[in-house]
1. Given R₀ = 25 Å, what would the calculated FRET efficiency be for ASP175 paired with LYS266, taking r from the Cβ atoms and rounding to 0.05?
2. Taking 0.36 nm per residue of separation and subtracting the Cα-Cα distance, what length does fully extending SER212 through LYS2 add?
3. Can you tally the net charge around MET412? Count Lys and Arg as +1, Asp and Glu as -1, for every other residue whose Cβ sits under 14 Å from the Cβ of MET412.
4. Beta carbons within 10 angstrom, averaged per residue: use that to sort the peptides 316-325, 332-341, 39-48, highest first.
5. On a 0 to 90° scale, report how tilted helix 13-25 is relative to the longest principal axis of the chain, with both axes built from alpha carbons and the result rounded to the nearest 10.
6. Could you size up the charge dipole of the chain around its Cα centre, putting +1 on the beta carbon of Lys and Arg and -1 on that of Asp and Glu, and report it in debye to the nearest 20?
7. If you stretched the chain out fully between GLU245 and ALA279, how much longer would it get, using 0.36 nm times the residue separation minus the C-alpha to C-alpha distance?
8. What FRET efficiency would be calculated for the residue pair SER372, ASP298, taking the C-beta separation as r and a Förster radius of 35 Å, to the nearest 0.05?
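Since every read-out is calculated from the coordinates, none of them should be taken as a lab result. Nothing here was measured: the structure is a model prediction, and the numbers come from that model. Backbone-built Cβ (ideal geometry, glycine too); neighbour counts: all protein chains shown.
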Amino acid sequence: MKDQALGINGLGRIGKLSVWQHVERKKFSKIVVNIGRKVGTSLEDVATFIEKDSTYGTIHNYLYGYKAKRVIENLDEKSGSMTINGLPVIILRETRNPKEIPWKSHGVKVVVDTTGKFRDPTLSPDTPGGSVRGHLAAGARKVIVSAPFKIKDKTTPLPEDAVTSLMGINEADYDPRKHNIISNASCTTNCLAHIVKPILDYFGFQKILTISMITVHTVTGSQVVLDRAPKSGDADLRRNRSVFENIILTTTGAAKALAQVIPEVKKIGFMAESVRIPAKAGSITIVVFNIQGDPAKDPVTRDLINQIYKDAAAREKRGYLLFSDEQNVSSDIVGHPLATAIIEGKETETRAGNVSFDLSSIEGYTKEIEASLGTGTIEIPVTTAVVYGWYDNEMGGYTHMLAERTLSVASMLD
């Protein structure tokens with residue numbers, strides 16, 4: 001990949017931290033970042049924004065520790081160029097429409113779109129305001145979207161050249177001969193998938209009656225610092241309340257996106273909710289499984305659930321899933337370790353019991369059947385298991401996994 005340039009569209013939280021990820025890895029020949037507008041008074045203001053971060057400190061300290069010196073050098077205002085950690089970085093500040101970004105002239109083959117604005121792969125490159133396909137029209141061969149797909153026309157299926165593919169989950173679903181637009185889903189979906197998959201792999205989806213999750217998530221850039229009046233058409237009034245002072249209930253598309261990468265969950269009852277809290281980074285997903293089985297013959301215990309995750313983490317040699325016996329708090333997982341899910345083993349809980357089921361509610365059930373069975377109800381043994389999984393929704397979890405997906409896609413280009 002040394003002869004490839006990487007394109008990053010957008011310089012928000014995910015775009016900026018993606019720059020950090022790739023100047024550390026140095027797998028691309030250069031990075032071309034499209035901001036699409038003037039920033040501050042000079043290129044130095046862009047450099048300062050990239051260099052300093054309120055959550056993770058400075059890029060040089062991130063790369064080399066507290067004694068490190070500045071790694072952003074050789075700024076050229078006219079060309080928009082600089083070097084970061086010795087890697088050439090070009091800043092484009094002219095257009096936001098993907099089809100007008102000069103990817104081809106910069107040798108960019110893979111683009112990571114981090115704007116969150118171009119999520120519909122069904123729209124043509126000529127769509128007013130732009131579309132994700134505009135990157136392909138501008139010369140890129142592959143586009144990775146740092147968010148779940150969102151198709152505006154619900155009757156339109158996902159195009160054949162688009163796929164949602166997560167590293168460590170369904171990365172093999174990505175076919176480089178077929179797929180040109182790849183969704184890396186969300187930070188929550190990445191974490192959730194790595195929590196759910198080991199359980200499904202062990203028990204099989206037939207024994208999982210229901211799954212429910214709540215993610216306790218830190219604030220995002222879509223929220224507001226101070227209360228403001230809703231915009232026209234805003235349906236969720238809570239998102240217009242201050243992130244500083246409130247725990248805010250909201251929604252998540254994690255369950256829908258999970259079904260795209262683990263299709264078996266479509267056969268299982270699933271609920272997903274989200275709670276936003278006033279913290280900068282460091283989130284947790286709490287997943288509840290209802291597992292069918294006889295507690296007397298084959299008990300599902302806390303030790304068994306933890307062992308399932310220990311074994312899964314050991315099999316995942318790249319460190320995407322980790323198991324922890326420590327008593328963590330959210331700041332412990334900010335920036336490190338580089339994993340999309342860290343199971344908090346000390347909080348795993350299980351509880352076995354029976355669920356009474358009224359057979360008369362089954363279509364076709366008759367008194368004759370009841371007489372032959374000798375009862376109108378049955379007892380189903382069920383174990384409820386609760387699993388906690390930490391994730392750094394910005395650097396240590398999501399942009400790390402996004403960079404892994406990016407490198408994987410780039411490595412398969414001919």
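1. Working: r = 21 Å, r/R0 = 0.85.
Computed FRET efficiency for ASP175 and LYS266 comes out at 0.70.
2. Values: separation 210, 0.36 × 210 = 75.60 nm, distance 4.37 nm.
In short, 71.2 nm is gained.
3. Numbers: positive: LYS27, LYS109, ARG141, LYS142, ARG177, LYS178, ARG405; negative: GLU171, ASP173, ASP175, GLU404, ASP414.
Net charge in that neighbourhood comes out at +2.
4. On the way: 316-325: 17.0, 332-341: 22.0, 39-48: 14.7.
The peptides rank, most packed first, as 332-341, 316-325, 39-48.
5. So the inclination is approximately 80 degrees.
6. Numbers: 51 positive and 47 negative charges, 317 e Å.
Dipole about the Cα centre, nearest 20: 1520 debye.
7. On the way: separation 34, 0.36 × 34 = 12.24 nm, distance 1.04 nm.
Contour length minus Cα-Cα distance gives 11.2 nm.
8. Details: r = 28 Å, r/R0 = 0.80.
With R0 = 35 Å, the Cβ-Cβ based efficiency is 0.80.
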